[in-house]
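Note sheet for the following structure.
The values are calculated or read from the model by the stated rules, or taken from the named source; none is laboratory data. Given the structure is predicted, the values throughout are model-derived calculations rather than measurements. In this analysis, Cβ positions are derived from the backbone assuming ideal geometry, glycine residues included, and neighbour counts consider all displayed protein chains.
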Ligand code: ZN
C-alpha cells in the first residue's frame, strides 16, 4: 500500500469562508435558466434537485421545442383568448420536469427551485411526481384563485413550500473568467 501523504494542520482548512448555500446556489441556477426565456413579459426558471443535492434538470418557460419562437403568439392580453400565449406556453417547472430523461424514481423526495410560485396545474403534477419541497422566490400572484388552488393541492399532498429571501447585498459575483474576478468587482 502506498504511504499516505501527511498534511500539517497549519496548511489545512484554508477554505472559502463565504460560499453560496445550497439554496442560494440552486436558486441562482433557476435564475440563469430564466434568462433563456423568449417570453417578453415573464421569464421564469426552474431547477429540480434530487436527494444528495444533485441537479436533475433545468427549465424555463417557453414554446414547445418544435414551434419556432418567431412564429409563437407571445401576447398576454389579446381579447381572443386563443390568440394569447397561455394555451400554448410551457411553464418553466413543467419544462424542467419534461427535460429530465433519467429515472422517475429520482424525483421522489426531490426539491423544486423555481423563481415564481407554481400555478395549480404545475403544482398537481409535481405533487404526483413525488416532489416533496418547493423553494420559490416570487409569489406575485399571492391570494389569487389560482394561487390558492395551487397551495391547497400542495397542502393536501404534503408538499412543503418555502419562500427564499435572497440577500442581494451578498456578493454573488462568479466571473466567467476567474482571473478577472477582482477586476470585475472593482468596475461595478
Ligand atoms: Zn404552471
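Scoring residue 90 on the criteria (1) more than 16 Å from the ligand (Cβ to nearest atom); (2) surrounded by 13 or more Cβ atoms within 10 Å (Cβ to Cβ) leaves a single failure, condition (1).
Given the options 9, 51, 3, 17, name the one that is under 23 Å from the mean Cα position of the chain (by Cα) and loosely packed, with under 13 Cβ neighbours inside 10 Å.
Working: 9 fails: under 23 Å from the mean Cα position of the chain (by Cα); 3 fails: under 23 Å from the mean Cα position of the chain (by Cα); 17 fails: under 23 Å from the mean Cα position of the chain (by Cα).
None of the others qualify; the one that does is 51.
Being at pLDDT below 95, part of a loop (DSSP other than H, G, I, E, B) and surrounded by 12 or more Cβ atoms within 10 Å (Cβ to Cβ) is a property that holds for residue 166. Residues that are more than 20 Å from residue 35 (Cα to Cα) and either more than 23 Å from the chain's Cα centre (by Cα) or buried (at least 16 other Cβ atoms within 10 Å of the Cβ) (or both) within the stretch 72-87 comprise 77, 78, 79, 80, 81, 82, 83, 84, listed in sequence order. Scoring residue 74 on the criteria (1) more than 16 Å from the ligand (Cβ to nearest atom); (2) in contact with a helix residue (DSSP H, G or I) (Cβ under 7 Å, 6 or more places away or on another chain); (3) in contact (Cβ under 8 Å) with a residue 24 or more places away in the chain leaves a single failure, condition (2).
Considering only the stretch 45-60, I want to know if a residue exists there that is within 16 Å of the ligand (Cβ to nearest atom) and in a loop (DSSP other than H, G, I, E, B). No, there is no match, as no residue in the stretch 45-60 is within 16 Å of the ligand (Cβ to nearest atom) and in a loop (DSSP other than H, G, I, E, B).
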